[in-house]
Every structure is written in structure tokens, then in C-alpha cells.
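In what follows, a single structure is set out as C-alpha cells and then discussed.
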Amino acid sequence: MHEHREWPRYSAVRTFALTAHLGGRIYPCVVADVSLGGARLLFDRDVPLEGIQDSGISLSHPEAETVVCLPMWREAGQVGVQFDFSEESLGLISVCIRKMVHLDQAP
């Protein structure tokens with residue numbers, strides 16, 4: 001199978017949790033994989049994405065600035081998000097990769 005992604009994707013070796021803010025509600029989530037372009041987030045329950053396509057999903061973690069990203073797809077308990085290339089996004093991506101993977105085994 002040919003990989004069509006523009007950026008290498010890092011799968012989680014260790015659990016890494018974020019807080020997602022959607023439509024005024026807070027949802028804990030776990031990052032399943034991440035790249036410079038986006039991430040796959042796992043939730044304990046389905047999250048409502050209706051009406052937030054324009055405003056995005058805010059992701060926060062104590063070690064990084066809050067990042068607003070766009071939801072790109074949703075399946076049961078999962079949401080794929082797209083990052084921009086802001087300084088805040090790159091900071092969160094860096095924290096995710098450092099906490100989630102063994103860098104000596106990265107793609």
C-alpha cells in the first residue's frame with residue numbers, strides 16, 4: 001500500500017493525553033498518532049462535530065500553548081485533525097512526539 005501523506009506519521013508508543021475543547025465542552029482524548037500535518041485523536045465517546053467545522057477544535061496540554069485545529073474526519077471514538085504551521089502548533093506537535101515515541105525508532 002502506498003502512503004499518500006506529506007509528512008511522516010509517528011504512532012504512539014506511550015499514552016499521551018490532551019484536552020479537547022469543542023463547542024464549549026471539554027473532552028479528554030489520547031493522541032494515537034501525529035505528524036506535522038495533523039493527528040488522530042481517540043475519545044472515550046463520540047464527540048459532536050456539527051457546527052465546529054469553521055471554529056475548529058482547541059487542543060491543550062500544560063507543556064504547550066493551546067492550538068486550534070480543523071476536524072477532517074470522524075469515526076466512532078476517533079477524530080482526525082489538521083494543524084496549521086503556527087508556532088503554537090509546532091510546539092504542541094513537538095511535545096506530542098517527545099512524549100509519545102522513542103525517537104531512535106521513529107520513521
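Go through region 65-71 residue by residue and turn each phi into a ³J(HN,Hα) via Karplus (6.51, -1.76, 1.60, θ = phi - 60°); whole Hz please, and just put x for glycine and proline.
In residue order, the calculated couplings are 5, 5, 10, 9, 10, 9, x Hz.
Given region 60-103, report the % of alpha carbon pairs whose separation exceeds 11 Å.
68
Could you work out the helix-only [θ] at 222 nm for the chain, with each DSSP H run of four or more residues adding -39,500 (n - 2.57) and the total divided by the number of residues, to the nearest 500 deg cm²/dmol?
-4000 deg cm²/dmol
Taking one equal scatterer on every alpha-carbon of region 10-102, how large is log10 of I(q)/I(0) by Debye at q = 0.17, 0.24 1/Å?
-0.63, -1.34
For residue 78, what residues show an amide H to amide H distance below 5 Å, using hydrogens built from the backbone and excluding near sequence neighbours?
Long-range HN contacts for residue 78: 43.
Taking the Cβ of residue 88 as the centre, find all other residues whose Cβ is under 15 Å away and add up their charges (Lys, Arg: +1; Asp, Glu: -1).
-4
State the extension gain, in nm to one decimal, for the chain segment bounded by residue 86 and residue 99, taking 0.36 nm per residue of separation less the distance between their alpha-carbons.
Length gained between residue 86 and residue 99: 2.7 nm.
Relative to the longest principal axis of the C-alpha atoms of the chain, give the angle of the C-alpha long axis of helix 87-100, reported between 0 and 90° and rounded to the nearest 10°.
Approximately 60 degrees, to the nearest ten.
How much net charge surrounds residue 67 when only the other residues with a Cβ under 11 Å from the Cβ of residue 67 are counted, with Lys and Arg +1 and Asp and Glu -1?
Result for the local shell: -4.
In nm, to one decimal, how far is the residue 46 label point from the residue 66 one, both placed 7 Å along Cα→Cβ?
Rounded to a tenth, the inter-label distance reads 2.7 nm.
A short reminder: the numbers here are calculations on the coordinates, not readings from a lab. Predicted model, so just to flag it, every value in this text is computed and none were measured. Positions of Cβ are backbone-derived with ideal geometry, glycine not excepted, and every protein chain shown enters the neighbour counts.
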